[in-house]
Amino acid sequence: MSTTQSVNESIGKGYAALGRLGQKRIISIGALVAVLAAFSVIVAVQHGFTLFLQRIFDGLSNGFIYAAMAMALVLIYKATTVVNFAQGEMAMFGTFIAYVFGHSLGIPTPLAIILAMLASALGAAGIERVLIRPFDPRNHLAVTIVTLGLFLILNSLAGVIWAYDNRAFPSPFPGRNRSFSVFGANLEWANLFTWLTVLAAVLLVSLLLSRTKIGLAFRSVSNSLESSELLGIHIGRTLQFGWALAAAVGTLAGTMIARTTLLEPNFMGRVLIYSFAAATLGGLDSLGGAVVAGIVIGLVQTMSGGYIGFIGSDLAPTVALVVIVGVLLVRPSGLFGSKRVERV
Amino acid sequence: MALVTLKQGTPAHRAYVVGAWALAAIVLIYVIFAYRWGFAPGSIDKAFRLTQINDVICYAVAILGLNLVIGFSGQLSLGHSAFVGLGAYTTIILVADHHWSYLATVPVSAALCFVIGLVVGLPALRIRGLYLAVVTLSVAYVFPTLVVKYDSLTGGPNGKKPARDTGKMNPPSWMPFSNAGRLASPLWVYCILVVIATALFLLVRNFMKSRPGRALLAVRDNQTSAAVSGINLPLYKALTFGASAAIGGIAGSMLMINRPFASDVQFGLPLAIFLVVGLVAGGAGTISGAIPGALIYVFVPYFMSAWTTDQRGMPPGIKQVTKPLFDWLQGRQGAGSIAGVFFGVGLLIFVFVLPGGFIDGIRRLRSKVVQVIPNPSWLRELHGSANPPSTSHSPSSGGDVTQAAPVVATVRSRVAKPVSVKKAINLRGKTT
Amino acid sequence: MRPTRWKKSVVLGVGAAFVIASCGSSTKAGSTATTVAAGTATTAGAGAATTAAAASAATTAGTSAATAAGTTTGGTTAGSAGGATEGLVNGVYKGIGDFNIDPKKCPADWNDKQGITDKEIDLFVSLPKSGPLAGFGLLADGASSYFKYINDNGGIGGRNIVLDAKDDAYKPDQTKTNVDEALGAKKYAAFMTVLGTANNLAVWDTTNDECMPHLLNGTGAAQWGDVKGHPWTTGMQLDYFTEASLWAKWLAKEHPEAKTVAELTFNNDFGKSYSAGFKYSIKGTGLSVVHQELHEGTAPNLTNQFTTLAATKADVVLLETTGAFCTQAMSEIEKNTTWKPIVIMSGTCGSVAQFFKPLVDQGLTGANTYIIQNFKDVNDPANASDPFIQLYQKTLTAQGLDPKQTTYATGWIYAWFMTEILKDAAGYQGGLTRGNIMLAARSIQETNPLLIAGLTSKMDGMKDAYLTEGGRMAKYTVTDPKALGRFVPSGDLINLEGQLGTYDTVKAAAAGG
Amino acid sequence: MLHVDGLHASYGPIEVLHGVDFHVDVGEVVVILGANGAGKTTTLRAICQMIDTKGSIQLGGETINGRSTTEIARRGVAHVPQGRGTLTDLSVEDNLLAGAYTRKDGEVRADIDRWFTTFPRLQERRDQHAGSLSGGEQQMLAVARALMSRPKLLLLDEPSLGLAPLIVKSLFAQFAQMNQTDGLTILVVEQNANIALDIAHRAYVLEAGQTVLTGTADELRHDDAVRKAYLGY
């Protein structure tokens, strides 16, 4: 196959993908972008470009944090189609494990994070096997209560084991606490690396799901349990894979988040609600959607809190949630979600 | 097999039903006189315990309201803490700042929460399942921040309570316990709450049996078929959400009658989640499940926490087994959190042992003793008698079992195994 | 057993006649007198048969029984308490600084001796032992550790101090539940060190209605000086309003060049008290607040807030927040390359191990942050020779606790005050009773050994309702950026002892500002 | 290949099958006829153990009652459920790949190409979400996907439902061809008796949860009752 051919084919695929996105969706995203752009121009002119750029960086930094965890939520949603209340606490536990590896055992932070991701994947696989699999995956209420029980246990257990002092989670990236200036606005290297890490994670997970056999099974199961059974796919094992993957991604997210929030048993609670919102806004079953939505929420918070006087920093989080409810009213399946009707 | 079998509609069955209600009434009334009669299991004659029992009543009403949305119309709402909070703040603000009487605020709470519930329920017309869960979760999350933001009205994080001398509900002198000293007020509150709660439970029970109630169940069981069958789906969904919020608001007012103090953290996400836990633990979709659900919500964490701080109150046996654990916990910074671990483990055990909730467990237990054979009116009409038909499945069971008109009825009635056409023809030849 | 004691007391005390007489009486005064007399008479009966210490208490009790009965015999100095003039005199508790308690205003079944036996004094505390602020739960363990030390050395006249701690997860409604239960149990002499402003506000009406000494609140709200409205409630800490006033005074004196101030304020009473105190005290100085950023307790981080604050380019930034937010705030400031303000932080974040250690782990220092100090840091090597700190280190080690955990030391501070209150009360007319505990709590004249030299901790009844009203600005100084630094005094000691008065004066000041 | 004996099945407390007996031999096309609600779909679901069953189901001489649906699929039973059960969020190609999930050989690509040749419409839409296909295309996809597993036994649940007559015809022609050329064993339940009997070797009639009649396709075609009820003449 010649290069032109392959280029042509990928262009064709791109058009096909746009076609799949749907006209309505393109219009709604376009409208959103237009509103944001108009707002940006006005405030940038009014309050100065440097401050505006700084706020963009702030919004992105928080947005990527929300996105990281939203990714884990999307994965677990695809695996279980329930609200996994324990997802944040699993990430918290994983982050503590990474902390113990790095701080107590002296393992370099990036390696400690990878080891913790593996450990939490194993742990989540075990949880799935022992606590989730005995229930029919269609029995949503029972599974929801199990995740609530897990939430309580993990949160309290972490409190008993590690207490509630705030700990610093070391940055796994080079050049810590250093930043560089872009048109006068400060951007911390660690933040830039966090963005790249999250993007890389989205890419890797997407590839894992689209290119591997287990990924195919996972997508199949999350699309239809019954059809997947009929195809000979092991539902339990596939869901277990989903739990493990979600936990690993969650732990990665947790370590990115803990860098800015400090580490203690409740730290995920301060982020989780926005990650939930991001996952929902993105459509619950779209990884890319979750990341885009996470960034949108981060930016909305920063911009509304920073520029709209009566909102202020204290009410900005609430505004983000209001925006989400508004978007859901217009697009009940989120920005990128497939229009699948499910019951909870 | 059950020890006793009762046919619905017979005098024996009627006596059984009346007896059950009478027993419930006796238990409710006994609480009032326990302090006099000397026999007070679980120290129900102590003011503090009475306040806790009153809490149970309030939360039972809150769970009842939530059940309308989750259990009966099948929408997952995680925002009911906000309605309970709204009701509570309505009452406490009217009482503290405008000197209303507590009871006068209850209808206001109900009406306000109904309206806000309708507004919040509107997204429910378009948004379903998990999306709705996240929307309602946002409501639960936002409520405390609004309380803090508008602190001049709500008291903010410091909480709101009535002025010192106006906080108490005192019984009228004709009540038998009006001179029971410190017990008088909680007992009077108990009476008021029991009356409100009973009224609400009966209301919901009758509503579920009414035409709109059945429509609601239809929505839960199958949205599409309900819509096709001519039920005004959006109207019912929105109204249900409103009614459920109104009941939640009344529960909030009741909480304030019992303990006139409201703070933002009281009505945050944990309450929203625990209401769902209580609902499921009691039994989603059952009206009576709200009561065990509330009991679990109030007492399980209480005793978990109490035993964690002080092992003296622990039942023997458990005390010995857990001693090494508590020795290890001694002096640890987050030791108190072990109660949360226990509660979580208890919840898991609960889901595994009683997946259908407490009421389901009770029913299964009861079915070993008493079995009630249903005898609905349409069956009586159909058969012209009070006896149920003897067929093993009823025609009401849905599409898959709707019987086709017998095509080869003669063959079917004679052979158990399928016969080849040849044989069948032979058989037929013989019979005809 | 009980009936014989009763008979004895009927014979012994004139007050007993009063008991019988008032049985049928429905007036509040009568029934109150009943309780007091009955309570003291019981002690008299029991005490006569036991130790000498108890016997002396019995004498006092006998005296008060007589005074309660309205007789003039016995005299005010007849007790063995060494000539104290404070105590139960003519049915009213008379303390210093015109602080009096009329037990007639207490509930009918109020018992002056509740929670106080010959062997034990029962105290109660509700504080977070689970949830985000569970770390503060160790305060109760620290207090118990000091009480154990006192008990091992004779207790209060042979009585052991027992502190029951209950978890409220820092939720005010849970605090109220705990307090209601503790009041209903009728076994506690006093409550001490309930943690949190909202938590205490949730219960203080009830404790005052019930005449339950509700002492040494673990919060710096100015309300605890409301001696008129809530005589049964006292605080201990330097209140936030005053602390912020000290900031203003210090800035005006030490940094006259500083003009503009930006505030980061926790969006609750805590943060807003600081803000009110500071704004009140900068009147007439060249300082002005140019911007205030609020944050919620649920905020993930303070990035957005600091971008806005940095844009003001203010000379001074005030961190009116607490907990993890202190650490996050210092980190944001330190990482900012262009804005270098003077940083003043709430004294609640003074624990180096708790709030500066995470910075070191992140490769930051927190250097040059100013806070107001009034208690000594038990871990500061500079204080190693202090005898009380040596006692603390030795006792905690012996008890198997980690003396490095500063929350234990805070527990010791509270427990020390509580012990002194109990000792004082035992010496008053009428002996160790709950009324006298309250009088003693309102008239502490000793200075806590952990207070910074030169500061005092005094209360004076109706005149001075605040225990600690001074401090010294200290600068967090780092020599090795990889290790923890220490606070080095900066500027003069500022002691406002006795100047603050009561909550009424504070309220007037805040309203005026 | 498949022997079903005295099969009872229930949804919760409601029993739907009250004794169904039939068998399918290797290389046969067997059709089960029956009216709406006779239990046809339930029978297929019972074979795959998607509901609670009593009685015996033997596949290749082994009892499969109580085994999981997944395991039965792995034993070579491919089930095209009513409503096709396509994975709507996955692309056409991914659907086919998912169909070959249990296979470990290297000929999956070749098979995909084969079905794309058989159903050219599918090839045109290989990158589209299966959910965006038309009913006929989805049915083709469902069949192709089922065949991707190289099954021993193909269960078809009302493949004609909701399709235009012309498409139904070509679809059944495909079934017949697969049976003849590949020797594929097929069990099909249908209401459209005409077209089903055309390709079937043998047939059963199911009524109210019981098998009541059996015979060769020709015999049933000429049975009066069957004719009246299912063939419409």
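The values are calculated or read from the model by the stated rules, or taken from the named source; none is laboratory data. Computed from a predicted structure; not experimentally measured. Cβ placement follows ideal geometry from the backbone for every residue including glycine, while neighbour counts extend to all protein chains displayed. Accessible surface areas use protein heavy atoms only, side chains included; no ligands, DNA or RNA. Shrake-Rupley method; radii C 1.70, N 1.55, O 1.52, S 1.80 Å.
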Would you pick out the residues in the stretch A:162-182 that are of a type in the set (Phe, Trp, Tyr) and within 13 Å of chain B (Cβ to nearest Cβ)? A:162, A:164
Single residue of A:224, A:206, A:220 found to be in contact (Cβ under 8 Å) with a residue 12 or more places away in the chain, open to solvent by less than 40 Å² (accessible area, probe 1.4 Å) and more than 10 Å from chain B (Cβ to nearest Cβ): A:220
Can you pull out every residue in the stretch C:352-380 that is small (Gly, Ala, Ser) and open to solvent by 20 Å² or more (accessible area, probe 1.4 Å)? C:353, C:363, C:367
Which condition does residue A:139 not pass, out of (1) more than 30 Å from residue A:59 (Cβ to Cβ); (2) more than 12 Å from chain B (Cβ to nearest Cβ); (3) among the polar types (S, T, N, Q), if it passes all the others? (2)
Within the stretch B:159-182, residues over 31 Å from the mean Cα position of the chain (by Cα), facing another protein chain (nearest Cβ under 9 Å) and touching a residue at least 60 places away in the same chain (Cβ under 8 Å) come out as B:163
Inside the stretch A:136-182, can you point out the residues that are crowded, with 21+ Cβ neighbours inside 10 Å, among the polar types (S, T, N, Q) and over 26 Å from residue C:336 (Cβ atoms)? A:144, A:147, A:155, A:156
Is it fair to say residue B:114 is closer than 30 Å to residue B:212 by Cβ, open to solvent by 30 Å² or more (accessible area, probe 1.4 Å) and either among the aromatic types (Phe, Trp, Tyr) or part of a loop (DSSP other than H, G, I, E, B) (or both)? yes
Among the residues listed as B:371, B:403, B:330, the single one being open to solvent by 30 Å² or more (accessible area, probe 1.4 Å), within 14 Å of chain C (Cβ to nearest Cβ) and at pLDDT below 80: B:330
What number of residues within the stretch B:269-307 are part of a helix (DSSP H, G or I) and away from chain A (no Cβ under 14 Å)? 11
The lone condition residue C:333 fails out of (1) within 26 Å of residue C:496 (Cβ to Cβ); (2) open to solvent by less than 40 Å² (accessible area, probe 1.4 Å); (3) modelled with pLDDT of 90 or more is (1)
Name the residue that is farthest from the chain's Cα centre (by Cα), counting only residues in the stretch C:318-359 that are more than 9 Å from chain A (Cβ to nearest Cβ) and more than 27 Å from residue C:241 (Cβ to Cβ). C:339
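This table checks each residue for (1) outside the structural domain of residue C:391 (by TED's automatic domain parsing); (2) closer than 25 Å to residue A:264 by Cβ; (3) open to solvent by 30 Å² or more (accessible area, probe 1.4 Å); (4) not in a strand (DSSP E or B).
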| position | (1), (2), (3), (4) |
| --- | --- |
| C:126 | no, yes, no, no |
| C:129 | no, yes, yes, yes |
| C:132 | no, yes, yes, yes |
| C:135 | no, yes, no, yes |
| C:146 | no, no, no, yes |
| C:161 | no, no, no, no |
| C:165 | no, yes, no, no |
Would you check which residues across the stretch B:251-263 are under 21 Å from residue B:196 (Cβ atoms) and either among the polar types (S, T, N, Q) or open to solvent by 20 Å² or more (accessible area, probe 1.4 Å) (or both) and list them? B:253, B:258, B:259, B:260
Applying the selection to the stretch B:310-336, what residues are over 17 Å from residue C:131 (Cα atoms), in a helix (DSSP H, G or I) and among the small types (Gly, Ala, Ser)? B:313
Subset of the stretch C:313-337 (residues that are part of a loop (DSSP other than H, G, I, E, B), in contact with a Phe, Trp or Tyr (Cβ under 7 Å, 6 or more places away or on another chain) and closer than 16 Å to residue C:247 by Cβ): C:321, C:322
Within the stretch B:150-161, identify whether any single residue is part of a loop (DSSP other than H, G, I, E, B), surrounded by 20 or more Cβ atoms within 10 Å (Cβ to Cβ) and on the phi > 0 side of the Ramachandran plot, and answer yes or no. yes
On the given criteria, is residue A:39 over 16 Å from residue A:268 (Cα atoms), of a type in the set (Phe, Trp, Tyr), more than 14 Å from chain C (Cβ to nearest Cβ) and in contact (Cβ under 8 Å) with a residue 60 or more places away in the chain? yes
Would you pick out the residues in the stretch C:381-418 that are loosely packed, with under 14 Cβ neighbours inside 10 Å and among the acidic types (Asp, Glu)? C:402
Please verify whether the stretch C:338-359 includes one or more residues that are farther than 26 Å from residue A:265 by Cβ, assigned to a helix (DSSP H, G or I) and of a type in the set (Ser, Thr, Tyr). no
Looking at the structure I just gave you, is residue C:151 open to solvent by 20 Å² or more (accessible area, probe 1.4 Å), part of a strand (DSSP E or B) and polar (S, T, N, Q)? no
Say whether the condition of being β-branched (Val, Ile, Thr), outside any helix (DSSP H, G or I) and on the phi > 0 side of the Ramachandran plot is met by at least one residue in the stretch A:101-116. no
Does residue B:55 satisfy the condition of being closer than 19 Å to residue B:160 by Cβ, within 14 Å of chain C (Cβ to nearest Cβ), acidic (Asp, Glu) and out of contact with any strand residue (DSSP E or B) (no Cβ under 9 Å at 6 or more places or on another chain)? yes
Starting from residues that are β-branched (Val, Ile, Thr) and outside any strand (DSSP E or B), keep the ones in the stretch D:157-210 and report whichever is least open to solvent (accessible area, probe 1.4 Å). D:168
Test residue D:154 against the criterion of being under 24 Å from residue D:17 (Cβ atoms), open to solvent by 20 Å² or more (accessible area, probe 1.4 Å), more than 10 Å from every other protein chain (Cβ to nearest Cβ) and outside any helix (DSSP H, G or I), and give yes or no. no
Looking only at residues in the stretch A:278-331 that are in a loop (DSSP other than H, G, I, E, B) and away from chain B (no Cβ under 12 Å), which one is farthest from residue C:308 (Cα to Cα)? A:286
If the requirement is being over 21 Å from residue B:24 (Cα atoms), touching a Gly at 6+ places or on another chain (Cβ under 8 Å) and either open to solvent by 60 Å² or more (accessible area, probe 1.4 Å) or not acidic (Asp, Glu) (or both), which of these qualifies: B:339, B:290, B:306, B:294? B:306
For the stretch A:263-273, what are the residues that are surrounded by 24 or more Cβ atoms within 10 Å (Cβ to Cβ) and part of a loop (DSSP other than H, G, I, E, B)? A:264, A:265, A:267, A:268
The strands (runs of 3 or more DSSP E) lying entirely within the stretch C:206-292 that contain at least 2 residues which are within 18 Å of residue C:319 (Cβ to Cβ) are C:260-266
